[in-house]
Structures are given as structure tokens and as C-alpha cells.
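Beneath this line is the structure, given in C-alpha cells, with notes to follow.
The values are calculated or read from the model by the stated rules, or taken from the named source; none is laboratory data. Everything numeric in this text was worked out from a predicted model, so none of it was measured. As a convention, Cβ positions derive from the backbone with ideal geometry for all residues, glycine included, and neighbour counts pool all protein chains shown. The accessibility values were calculated without ligands, DNA or RNA, using every heavy atom of the protein model including side chains. Shrake-Rupley method; radii C 1.70, N 1.55, O 1.52, S 1.80 Å.
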Amino acid sequence: MITDRSSLPSKQSSPPAHGVAGSAFGCPRDFLGNRFVYVVVSPRARGLSVGVNMNPDKRCNFDCVYCEANRATPLSEQSLNVEVMAEELQRTLAFVGSGAMHNLENYRHTPRELLQLRHVALSGDGEPTLCPNFLDAVRAIVHVRALNPVSFFKIVLITNASGLDLPEVQSGLKLFTAHDEIWAKLDAGTQEYMDKVNRPQDCRLEKILANILLIAKDRPVIIQSLFPELSGTEPPVEEIEQLALKLRGLKDDGAQIPLVQIYSATRPIPNSTCGHLPLKTLSQIAERIRAVSKLKAEVF
């Protein structure tokens, strides 16, 4: 349940039970009664990620087969309220910093090192670069960080890369420090496979590659590549080869890519035909990407 602003608990209040529904590795959007800020233990972050739901309206120009967002359910929020988000972020960071996470039922048996804050992620139920007030949101998050210089946190933009060339996004990224990161999605090496897995709206693979290169020439970009099992079938070998070649092309053109994250669908998703690939298959994909692209690739 999403609560209204007046019912949000204070820093001293105990979190409502509904705010911690699911497991530590889930993404309950109403953590601490919040409307826009949530937490998740993230394998790729190697610890606790505090997320900002930039798209409570679930707006996205991709319709990935593995997407966790159920767009058939009614919206609880129509847009991101930046002021409320900033207040929730401050309160959530204070809660996490106090060590109180370990007292919550779903986190009681989680190793303490996994409850250490690793970053604040601009992510959520859609494509964050499509958020109409993207720049205002980044400014607010940077301001929250400035209020707590002792507990500095890293900001991570998790994106499908389609909007990285938008003027407002470009302005927002100028507020990022060298410690902040951009994680850009690249699941396919051909347009055909991209259409099958990501199901984009008026977005070509060439644009994704161009946007990644645009940013990665100026600052490092981490590539996130998710490989689902579709109706019991693994990704074609030739598709992995094409993806590896695209990554090598980006590198040769001057893109700074410190890491390629290799992973599969894990959390419950509306699409029942989409499953998780075995670790052995993911390891083989990572090995081939390393061999062809000459980039670091790691399985999560």
C-alpha cells in the first residue's frame, strides 16, 4: 500500500509491517511507508542499494520480456514529487545509517556487510531518463548528499541508454562527480534480438550504441547485459558473438567501459515464459565476451 505524505513515519518511528514485504532481495516500493524511495540488497551493488523510483507512472520506451514492473496494475502515483522524494531519501539514509535495517524481519538474517549502503540508484518502474523532472530530481539528490558530507554516497543512473542524449539528462549528468556511475543496458548485438527481448518503441540499436559512446568518451559507463531464458531456450550463440563485437567496437571507438555485468532474470516477473539461465551458461557468455571484446566481464 502506498501511503500519503501525512502518514509517513518519522525517523524515530518503527516502520510499518507492509513496508518490508517480500525478501531482502525484493524491491518493496513502500519501504518505511515511502512513495518514491525503496531499498534492495543488490548482488551487482554488492550490498544495499537505495532506489529512487523516477517513473512511478511506469513510463518506459522498452517492454522487456523480463521486466518486473506489472503495467496491468493501477498506478499509485502519477509522477515523481521531487520534494517528497528528497524527504524520503533523507529519512531512509538516516535509517540505513543507524544500523536499524538488521532489526527488520526480512533483513534479520542478512549478513551485515550486505546491509552497508553502496549507492543511491536512479531507477524504478520505468526508464529514468524519461522522467519529466529528471534534472530537478538529480539536483535534489545531490543536495541531500551535500547535507551529509560525512556519509557521502555514490549516485548510480540505471538506464536503457535511449535518453542519454536528451538535453535535460545531459544537464543532470553534469552534476555527477567522478565517483558517480552510469549503468547502461545492452542486451543485444542485433536489432532482431533487441526487438525480441527489449521490444523497444521507435528505438534502434544504433541509437543505443551511439548514446553509450557519447557518454563513455567522457566518463566510464558500466554495461549491464541481462540474458533471459525464453520458453526454455538459451540466447543464440551467434547473438552473444554479435554483442561481444559491438562491445569491442565501442571500446575501439574510445568508450571507457570498466565492466560488463552479466546476469539473468531473477525476481518474479509477469512474463511466465521468461526464466533464469544456469550459472554455467552465464559463465560461458562472460568468457566469450571477455575473449572478443577484451573487456572485463563478471557474472552476477
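Results, tabulated for the structure shown:
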item: Probe 1.4 Å, all protein chains present, accessible-area order of K251, K296, K154, largest first; result: K296, K251, K154
item: Mean residue ellipticity (222 nm) of the chain, computed from DSSP H runs ≥ 4 via -39,500 (n - 2.57), nearest 500; result: -9000 deg cm²/dmol
item: Area accessible to solvent at L166, 1.4 Å probe radius, in Å²; result: 70 Å²
item: Highest to lowest packing among 194-201, 94-101, scored as the average C-beta count within 10 Å; result: 194-201, 94-101
item: Residue order for F152, F176 - accessible surface, 1.4 angstrom probe, largest first; result: F152, F176
item: Over the chain, relative contact order from alpha-carbon pairs under 8 Å, at least 6 apart, %; result: 16 percent
item: Whole-Å distance, taken between Cα centres, linking the range 213-265 and the range 77-100; result: 32 Å
item: Sequence-distant lysines (8 or more away, or on other chains) whose Cα lies within less than 30 Å of K280; result: K185, K196, K246, K251, K294, K296
item: Set of the range 35-52 residues, backbone N closer than 17 Å to the point 7 Å along the Cα-Cβ line of T266; result: 39-51
item: Viscosity 0.890 mPa s, 25 °C: Kirkwood-radius Stokes-Einstein D of the range 29-182 over Cα pairs, µm²/s; result: 154 µm²/s
item: Degrees, to the nearest 10: 205-216 long Cα axis against longest axis of the chain; result: 60 degrees
item: Under the Debye formula (equal points on every Cα, no solvent term), log10 I(q)/I(0) of the range 199-300 at q = 0.10, 0.13, 0.15 Å⁻¹; result: -0.29, -0.49, -0.65
item: With Cα atoms, 0 to 90° folded angle of helix 237-252 axis to the chain main axis; result: 80 degrees
item: Inter-site label distance for Q170 and K251 at 7 Å from Cα along Cβ, in nm; result: 2.9 nm
item: Folded to 0 to 90 degrees: helix 134-147 orientation relative to the chain principal axis, Cα; result: 60 degrees
item: Cα gyration tensor category, rounded, prolate or oblate, for the chain with a/c compared to 1.5; result: prolate
item: Accessible area in the full protein assembly, largest first, 1.4 Å probe, for S171, S293, S123; result: S171, S123, S293
item: Shape box of the range 41-87 [Cα atoms, principal axes, largest first, Å]; result: 33, 31, 17
item: Inter-site label distance for S76 and R199 at 7 Å from Cα along Cβ, in nm; result: 2.4 nm
item: Simple label model, 7 Å out from Cα along Cβ direction - T177 to N148, nm; result: 1.4 nm
